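Notes follow once the structure below has been shown.
The values are calculated or read from the model by the stated rules, or taken from the named source; none is laboratory data. It should be emphasised that the depicted structure is a prediction, and the values quoted were computed from it without experimental measurement. These area figures cover heavy atoms from the full protein model, side chains too; ligands, DNA and RNA do not enter into them. Shrake-Rupley method; radii C 1.70, N 1.55, O 1.52, S 1.80 Å.
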Amino acid sequence: MLRLRGAVLAVCAGIGIAATAAAQDHAKVVKINDSIYMAPMGSNVYLVMTSEGNVVIDTAPARDAQEARELLRAVSQAPVKYIILTHGHADHIGGIEFWKQPGTQIIAQRNYVELVNYVARLDGFFAPRNSVAFNHPQQNVGPWAGNYGATIDPTILFDEKYEFTLGGVKFELVSTPGETPDHLTVWLPTYKVAFIGDNYAGVGMPEPMSFPNIYAIRGTKPRPALDWIKSIDTVLALKPEIVLNGHADPIFGQEEITRKLTRYRDAIQYVHDETVKGMNAGKDVYTLMREIKLPASYNLSQVFGKVSWSVHGIYDGYAGWYDGNPSSMYDEPPSSVYPDLVKLAGGPERVTQLALEKLEAGKPVEALHLTDVSLAFDPGNAAALNARIKALEKLRESCENVVEDGWLQYGIRKAKEKLPAQ
Ligand SMILES: [Zn+2]
């Protein structure tokens, strides 16, 4: 059974994320050095103090933002000259309003604009999926904002690099696309500190770190693996002594940083390259999802990102939706003939019986598919719904991924809702 869900759902990548005990337990300021402090909330908020004013890096999810500000204002109340957003996910931009003062400049990489417009454009699509993925009640969906309806807070946007100096401290910002296309890294050569957002450790959790979500199944555009790899190389080339993450704890020491980031990069590279080799060998996506396993030497868990989903994401990111089967070109999906198959089998009871046998034989996914078939014939069939619940519960028993577990629980809730009242 899953044990970590509560602890790691302070995660990134999100749009309104559940508060967690883990985040709240650590909600006091961490001193990184004499000039840099961190408020570890649903996402970490950083304060960099200079003799001419402060710089805030990321602002936490809206629900945590005020608390983060109070914590860091207790350290320094100097004017906020700049807010830097490592990327446009809601768990990093929810507190802009609390920090913004007259004259505060807000900096993001230029792709931020499209990212937040994309999120707003598909708000009605994402809202229910986010509520499942992040285990929170569905947020209200307002009227459609249009294709370009998001609020754009940044006052400075850059493409590749942007630099400024404040109080003698140089801030070098560089585009490092990874978890999102607008990801940026903030490099402070004075302190040899790199703030890298969610490009390493898109989730707060103890070691072993999780493989990332090259594709997040709540719904994301492809996250190009090669860009992500290049961005980690960009960070490594800076030779930082401290790496500050969007969620996880700081990493100290050049050797440790190199070890961790290299391992993470190489794991992404491995999964990417194996997927590409398989595609070139004519293998279909499901075969590759089964075949590609992360070597144990990488020592990464799959509590947050899942290798098989990433394989699927990389495959689809390169090739799009068509699988090469002529029957997939049309708008009647395989499920359009499920009721016919049920009739052929002699009724939903026969198909459900087979589902239970599959379950008994240790094949819960096949059992789940068979309940899809039964329920296409009779959506309220109690035996089929009960078999479905059993299959989903069986899958939960061996599930280690927080997001997968959220979707399994969602499936169980939905099936129970359809069962006749006892
Ligand atoms: Zn995040």
When only the heavy atoms of the protein chains count and the probe is 1.4 Å, how do L173, L354 rank by accessible area, highest first?
L354, L173
Can you classify the range 299-422 as rounded, prolate or oblate using the Cα gyration tensor, where a ≥ b ≥ c are the square roots of its eigenvalues, rounded means a/c under 1.5, and otherwise it's prolate if a/b beats b/c and oblate if not?
oblate
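Could you grab the relative contact order for the range 285-354? Cα pairs under 8 Å, six or more apart, rounded to a whole percent.
It rounds to 25 percent for the range 285-354.
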Whether the range 102-246 is rounded, prolate or oblate, judged on the alpha carbon gyration tensor where a/c under 1.5 counts as rounded:
oblate
Contact order normalised by length for the range 117-255, with contacts defined as Cα pairs under 8 Å and 6 or more residues apart; what percent is it?
20 percent
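With N residues in the range 305-378, what two-decimal value do you get for its Cα radius of gyration over 2.2 N^0.38 Å?
On the way: Rg = 15.5 Å, N = 74, 2.2 N^0.38 = 11.3 Å.
Here the Cα radius of gyration is 1.37 times the empirical estimate.
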With all protein chains present, calculate the accessible area of M329 using a 1.4 Å probe and round the result to the nearest 10 Å².
100 Å²
On average, how much accessible surface per residue is there in the chain, in Å², for a 1.4 Å probe, leaving out ligands, DNA and RNA?
46 Å²
Alpha-carbon centroid distance for the pair the range 72-129 / the range 348-385, whole angstrom
46 Å
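Once neighbouring chains are kept in place and the probe is 1.4 Å, which whole percent of the accessible area of the chain is contributed by carbon and sulfur?
53 percent
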Mean separation of Cα contacts under 8 Å, 6 or more apart, over the residue count of the range 20-100: relative contact order %:
26 percent
Work out from phi, with θ = phi - 60° and the Karplus expression 6.51 cos²θ - 1.76 cosθ + 1.60, the ³J(HN,Hα) of each residue of the range 184-195, listed in order in whole Hz, and give x for Gly and Pro.
10, 10, 9, 10, 10, x, 4, 10, 6, 10, 10, 9
In order over the range 139-148: 3J(HN,Hα) from phi, Karplus 6.51/-1.76/1.60, θ = phi - 60°, whole Hz, x for each Gly or Pro, gives 7, 5, 9, x, x, 4, 7, x, 6, 10
Checking the a/c ratio against 1.5 first, then a/b against b/c, what shape does the Cα gyration tensor give for the range 17-164?
oblate
Looking at the chain from every direction and averaging, what is the projected area of its Cα convex hull in nm²?
22.4 nm²
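As a quick test, which of the pairs K260/K306; K306/K363; K100/K239; K81/K260; K293/K390; K363/K416 have an alpha carbon distance above 24 angstrom in this structure?
Over 24 Å Cα-Cα: K100/K239; K81/K260; K293/K390.
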Accessible-area value, L408, 1.4 Å probe, nucleic acids and ligands omitted, Å²:
20 Å²
